[in-house]
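Laboratory data are not the source of any read-out in this text; all were calculated from the coordinates shown. Only a predicted model underlies this, so the values are computations on that prediction, with no experimental measurement involved. FYI the Cβ positions are ideal-geometry reconstructions off the backbone, even for glycines, and counts take in every protein chain you see.
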Amino acid sequence: MQEELEELAIKIGESSDEEPFQDSGSEYKPSDDSDQNYSSEREENSNESDSSDSDLSENGDVNGDANSDVVWNECTYTKQPNLAFTSQEEINVPFDRSTAKPIDFYQLFISDDIIELMVRETNKNAQTFLENNTVRRSSRYKEWKDTNVQEMKMFLGLRIWMGLVNMPSIESYWSDKRIYKNEMSSFIIRNRFQLLLRFWHFGEDIQGDRLCKIRPLLELLQTKFQQVKTPGQNLVIDESMVPFTGRLNFKQYIPGKSHKYGIKLFKICDQVGYTYRIIPYCGKKNENDLGHGCLATNVVMSLMTPYLGHGRILCTDNFYTSVPLIEELSDQKTYFVGTYRKNRKVFPKEVTTAKLKRGECKSLESSKGVVALKWRDKRDVYCVSSKFSANMVPTGKRNKKEEDIKKPEMILQYNDMKSGIDISDQLSSYHSAIRKSVRWYHKVADDLIFGTAIVNAHLVRSSLQKEQRKMKLVEFRTKIVYALLNIAEEERSRTPRLAKSTNHYLQKSEVVQSGKTKR
C-alpha cells in the first residue's frame, strides 16, 4: 500500500505543470484591481535574518551566483590593502566665519538661484493650470498673481515658522479664536498663502522620468552640499523615509522605520550627520540605470563616486554588503566595514554556522583581504571589513567584576561610524515643517529645504564657530525665520531685579492699653 502511494505521488509530481510557490519576502505586489500600487522592502535590523532580497541579485548575494574564486583562510591581516588617506576634511564658505549669522549658513544651500527656480516654476505651473482648467468666478484661483523672490523667501520663512509653532491645520494660523492668535496674518493673507502652496513647483513634467518634479531642486542642493564641505575619512550610507501615505507607484513600506510608508531616500553622510548626496528610490524599473547589476551596488557606487580613490572608509548595514562590492571598493582604493546577512553566498560557511559561546568569535580572511567575522554577544553578530581586524580590544568600560569589556575591533569601529544618518534624521525630525499633502514632491522638498538643508547649515555653523556660544537647533531655526521675514529679533525679556535687601532685626515692642503694639 505504501509503495502504491509513493508511485502515485511521483506520477502527480511529473504531470504537474505548475511551478512551486516561492516567497522572496521582499516585495508586496497587490492584485491588478487594487487601488494602490506600491512595493515594500523588509528592513532587516537583525543580522540573523534568513530572508532574501530580490533587489540584491548579484554575485555574492542570496539570489545571485556564488563566486567560487573566493578562498577563505585563517586571518593573517597581511592581505588587507594598505591605503593612505590622501584627502582632508574642509569647509568652504564665502564670508567671515566668526561674524556669520544663521541666515548666512542657510543661504549657502537655499541660495538665490534655488529661490529663482521656485519662483519660475511656480509661476509657470500656475499659468499652465489656469490655461488648461475652467475656473469659476468665485474661485480663489482667479486671484492668482505671479510671485517673486521676496515673496518666496517670506513663504519659506512662514513654513519654517509653522514647524516651530505647530497647529492642527493651516487654516488655524489665521483663526480668530483666542487660543490660535498669532502674527501670521500680518505677513500674508490665508488665501494667498494657500495659492502659493498649491502651485509650489520645482520642475517640468518629463515622460519616463519619475523624479522630474523634484530633480532640478535635488541636483542643485546636492551640488551645494558637496561644494560647502569636503568629507573626512569616514562615510556612512543608509536609507531614510519621507512619510507619505498617498498613491504613488514607488511608495515603500519598511516596518522597522518610524514612518512605515513613504518615499525612501538613500543618503551618504559623515559621522556628525552632514548629508552630501541623496538618491530617491523610484522603483525597480530604474534600479539598473547605473550599470552595476543590482540595486545595492548601484546605490553604493553612485553615492561614493566623488569620494573614491582617497583611502576613505565606508560603513553600511547588511542590506548593501556583499563580497563583490567590497572587492570593487578595494580596487577603487576605498576601505569597507559593515554587517552582513549570514545567508548571503560567498561568505564562509565555517564562520556563519560556527557554534559560539558568549564572548567568542570566529573569523576568516579571503585571498583579497576581506575579513568575515561572527561574534557572539547576547546574539550572533556578523561583521565584515577590508580595513579592521577581528582582534578583541578593550572598549574602555568595565563590568560588575571590574573586568575590561572587550569587543572585536571592527565591531567597535562599525558602532562608532554608523550613527551618522541616524543623527541627521533625528535632527531633521525636530520642529519638522512637513505637513500633510497629496503631492509627493512637496513632501520630498519639505524634507530637503526645511530638514536636510537646515541641519547641514547648523552643523557647518557648529564646526566654524566653536569658540562662540552653543546654539540649539530650535534657536537656529528661529533666527532664520526672523531673517527671511525681515523682522528684528526680539530682545530677551528680563525680569527686573529687586533692590538689594537690607538687614532686618527683631526689636522689642511695647504693649499699649488699646491692645495694639507700639514699635
Next item on the list: Under 1.5 on a/c is rounded, so check that first for the stretch 416-488, then, if it is not, pick prolate when a/b is larger than b/c and oblate when it is not; a ≥ b ≥ c are the square roots of the alpha carbon gyration tensor eigenvalues.
Entry: oblate
Margin query: For a test of the definition: using alpha carbon positions, the gyration tensor, and the 1.5 limit on a/c, classify the stretch 299-342 as rounded, prolate or oblate.
Written below: prolate
Checklist line | Separation in nanometres of the label points that stand 7 Å from Cα toward Cβ, at Asp146 and Asp113 | finding: 2.2
Next item on the list: Estimate the FRET efficiency between Lys397 and Ser302 by the formula 1/(1 + (r/R0)^6), using the beta-carbon distance for r and 45 Å for R0, to the nearest 0.05.
Entry: 0.70
Check: At what distance in nm do the modelled label points of Ser172 and Lys508 sit from each other, each positioned 7 Å from its Cα along Cα→Cβ?
Finding: 6.8
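Under 10 Å from the Cβ of Ala483, count the other residues' Cβ atoms, weight Lys and Arg +1, Asp and Glu -1, and hand me the total.
After counting each charged neighbour, the total is +1.
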Note to self: What whole-number distance in Å separates the alpha-carbon centres of the stretch 466-482 and the stretch 322-360?
What the structure shows: 43
Next item on the list: Report the FRET efficiency, 1/(1 + (r/R0)^6), for Asp416 and Thr245, where r is their Cβ-Cβ distance and R0 is 22 Å, rounded to 0.05.
Entry: 0.05
Check: Which whole-Hz ³J(HN,Hα) couplings does the stretch 188-205 yield from phi under the Karplus relation 6.51 cos²θ - 1.76 cosθ + 1.60, θ = phi - 60°, glycine and proline marked x?
Finding: 7, 7, 4, 4, 5, 4, 5, 5, 4, 5, 5, 9, 4, 8, 9, x, 7, 6
Next item on the list: Could I have the simple spin-label model distance between Ser463 and Lys333, label points 7 Å from Cα toward Cβ, reported in nm to one decimal?
Entry: 2.2
Notebook entry, point to check: What is the extension gain from Asn73 to Arg190, computed as 0.36 nm multiplied by their sequence separation minus the C-alpha to C-alpha distance, in nm to one decimal?
Noted result: 35.2 nm
Next item on the list: Just subtract the alpha-carbon distance of Thr230 and Glu360 from 0.36 nm times their residue separation and send over the number in nm, one decimal.
Entry: 42.9 nm
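First select every other residue whose beta carbon is under 14 angstrom from the beta carbon of Phe199; then total the charges, Lys and Arg +1, Asp and Glu -1.
Charge balance near Phe199 sits at +3.
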Next item on the list: Please work out how much length the chain gains when fully extended from Thr99 to Ile405, using 0.36 nm per residue of separation minus the C-alpha to C-alpha distance, in nm with one decimal.
Entry: 105.6 nm
Checklist line | Cα shape, the stretch 299-429, gyration tensor, a/c 1.5 rule | finding: oblate
Note to self: Take the residue pairs Lys251/Lys368; Lys357/Lys397; Lys101/Lys181 and return only those whose Cα atoms are more than 31 Å apart.
What the structure shows: Lys251/Lys368
